[in-house]
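Asks: Before I ask anything, here is the structure I am working with.
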Amino acid sequence: MTKRNQPGLGELLRQVSELVELGAEEHYQQMGLNYRARYTPVLRAIRAGAKTVTEITARTHLTQGAISQSVGHMESAGLILRQRGEDGRQSVIQLTPAGKKLVSKLSAHWAATFDTIEELETEIGHPLRRVLEDTARALQQRDFSQRLQATKQRLATGVPSNEQHDE
């Protein structure tokens, strides 16, 4: 198969993400929950002590925009409350009684989820989470746009890829 016929990185990441989320959604339905998978990182961060969107963002490695959007949905669903912090600049986020009950229900599910991920990693023979963490770290140090630009310049000048290590 030529490079042009292979799926790209974004396609594969979206495919894996969709397959994981579909499986998770099926179990949320089986548990009788009207729940969105996107709430999970927010709830887990709050359970771990995060109290603001900034703190949740730091714990989840998701964008502040994505977290803010999820928090808005969760507030509308009655899972969390936002109140002005003491300094008036940031909102403090707290679980409502319904949110606390939901986290309690989901705790065993989350433990099973991480066991399932470990089993998947054993089956495929790759530490998938570590690979993705390493990839994210490398892209934070040198983003994909910079890498793509360097490759285009290299290809335009005809320099073989194995000779371009110092960029």
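Asks: Within region 120-131, is there a residue that is under 28 Å from Ile46 (Cβ atoms), modelled with pLDDT of 95 or more and not in a helix (DSSP H, G or I)?
Replies: Checked against the condition, which is being under 28 Å from Ile46 (Cβ atoms), modelled with pLDDT of 95 or more and not in a helix (DSSP H, G or I), region 120-131 yields at least one hit.
Asks: List the residue pairs whose Cβ atoms are under 6 Å apart, where the first residue sits in region 50-65 and is under 17 Å from Ile80 (Cα atoms) and at pLDDT 95 or above, the second is open to solvent by 70 Å² or more (accessible area, probe 1.4 Å) and basic (Lys, Arg), and the two are 6 or more positions apart or on different chains.
Replies: Once the first residue is under 17 Å from Ile80 (Cα atoms) and at pLDDT 95 or above and sits in region 50-65, its partners that are open to solvent by 70 Å² or more (accessible area, probe 1.4 Å) and basic (Lys, Arg) give Ala50/Arg59.
Each row is one residue, and each column tells you yes or no for (1) polar (S, T, N, Q); (2) surrounded by 12 or more Cβ atoms within 10 Å (Cβ to Cβ).
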{"site": "Arg59", "(1), (2)": "no, yes"}
{"site": "Thr113", "(1), (2)": "yes, yes"}
{"site": "Thr116", "(1), (2)": "yes, yes"}
{"site": "Leu128", "(1), (2)": "no, yes"}
{"site": "Gln140", "(1), (2)": "yes, no"}
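Asks: Here is a follow-up. Using the structure shown, decide if Lys105 is in a loop (DSSP other than H, G, I, E, B) and either open to solvent by 70 Å² or more (accessible area, probe 1.4 Å) or within 22 Å of Glu21 (Cα to Cα) (or both).
Replies: In short, no.
Asks: Working only within region 20-49, note down all residues that are within 14 Å of the chain's Cα centre (by Cα) and without any contact (Cβ under 8 Å) to a residue 60 or more places away in the chain.
Replies: Val20, Glu21, Arg36, Ala37, Arg38, Tyr39, Pro41, Val42, Ala45
Asks: A further question follows. Return the pair list, or none, for Cβ contacts closer than 6 Å from residues in region 119-143 that are acidic (Asp, Glu) to residues that are open to solvent by less than 80 Å² (accessible area, probe 1.4 Å), at least 6 apart or on different chains.
Replies: Glu121/Pro127; Glu121/Leu128
Asks: Would you pick out the residues in region 83-106 that are closer than 20 Å to Tyr28 by Cβ, small (Gly, Ala, Ser) and in contact (Cβ under 8 Å) with a residue 12 or more places away in the chain?
Replies: Within region 83-106, Ala98, Gly99 meet the criteria.
Asks: Continuing with the same structure: For region 1-19, name all the residues that are part of a helix (DSSP H, G or I) and either hydroxyl-bearing (Ser, Thr, Tyr) or open to solvent by 90 Å² or more (accessible area, probe 1.4 Å) (or both).
Replies: Correct list: Lys3, Arg4, Asn5, Leu9, Glu11, Arg14, Gln15, Ser17, Glu18, Leu19.
The values are calculated or read from the model by the stated rules, or taken from the named source; none is laboratory data. The structure displayed is predicted, hence computed values, not measured ones. In this analysis, Cβ positions are derived from the backbone assuming ideal geometry, glycine residues included, and neighbour counts consider all displayed protein chains. The protein model used for the area step is the full one, side chains on, heavy atoms only, and it has no ligands, DNA or RNA in it. Shrake-Rupley method; radii C 1.70, N 1.55, O 1.52, S 1.80 Å.
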